[in-house]
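Below is one structure, written out as structure tokens; the observations come after it.
The values are calculated or read from the model by the stated rules, or taken from the named source; none is laboratory data. All values derive from a computational prediction rather than experimental measurement. Every residue, glycine among them, receives a Cβ derived from its backbone with ideal geometry; neighbour counts consider all protein chains shown. These area figures cover heavy atoms from the full protein model, side chains too; ligands, DNA and RNA do not enter into them. Shrake-Rupley method; radii C 1.70, N 1.55, O 1.52, S 1.80 Å.
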Amino acid sequence: QVQLVESGGGLVQAGGSLRLACAASGLTFSMNAMAWFRQAPGKEREFVAAISWSGWSSAGGLYADSVKDRFTISRPNAKNTGYLQMNSLKPEDTAVYYCAARTGWSTRNSYEYDYWGQGTQVTVSS
């Protein structure tokens, strides 16, 4: 079984920072990917960032244009927890953030991910 649990969300002022964590269990030793998506009230779920794990090391992350240069996704080698470092937060970053995982390489498409966490709320005040 695969289980993903997000943590680290909260309330922060614009310009502040948060680090989200995604603790994973049940993932195999084979290639897999971890991603972050977010969904704001009344909006569709959107891609945030993703990173792949080959069994040897993690690959470089890919990012949505809206968060590039502000957010950093990481997945330390030989560890079961990934992170999303969010800096220079803006009110438009407010959303529920979800961690997702899939077998294979990282993609930007939510429908390609098989496993999802429960979500963690990020609220950025102005």
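Those residues that are buried (at least 16 other Cβ atoms within 10 Å of the Cβ) and closer than 11 Å to Phe37 by Cβ, I need them from region 95-114; list them, please.
Residues satisfying the conditions are Ala95, Val96, Tyr97, Tyr98, Cys99, Ala100, Ser110, Tyr113.
So in region 45-67, with the set limited to residues that are within 15 Å of Tyr83 (Cα to Cα), in a loop (DSSP other than H, G, I, E, B) and at pLDDT 80 or above, which one is most open to solvent (accessible area, probe 1.4 Å)?
Result: Gly60.
In region 5-37, what count of residues is obtained for those that are farther than 17 Å from Gly104 by Cα and of a type outside the set (Asp, Glu)?
19
Can you say whether Leu84 is open to solvent by less than 30 Å² (accessible area, probe 1.4 Å), assigned to a loop (DSSP other than H, G, I, E, B), under 20 Å from Gln121 (Cα atoms) and touching a strand residue (DSSP E or B) at 6+ places or on another chain (Cβ under 6 Å), as far as the supplied structure shows?
Taking the combined requirement at face value, the residue does not satisfy it.
If Glu92 satisfies every condition in (1) exposed (fewer than 15 other Cβ atoms within 10 Å of the Cβ); (2) within 10 Å of Val48 (Cβ to Cβ) but one, which is the exception?
The one condition Glu92 does not meet is (2).
Could you look through region 14-29, keep only residues that are of a type outside the set (A, V, I, L, M, F, W, C) and either modelled with pLDDT of 95 or more or open to solvent by 60 Å² or more (accessible area, probe 1.4 Å) (or both), and pick out the one that is farthest from Ser88 (Cα to Cα)?
Ranking the candidates gives Thr28 first.
Of the conditions (1) in a loop (DSSP other than H, G, I, E, B); (2) open to solvent by 40 Å² or more (accessible area, probe 1.4 Å), Leu11 fails just one. Which one is it?
Condition (1) is where Leu11 drops out.
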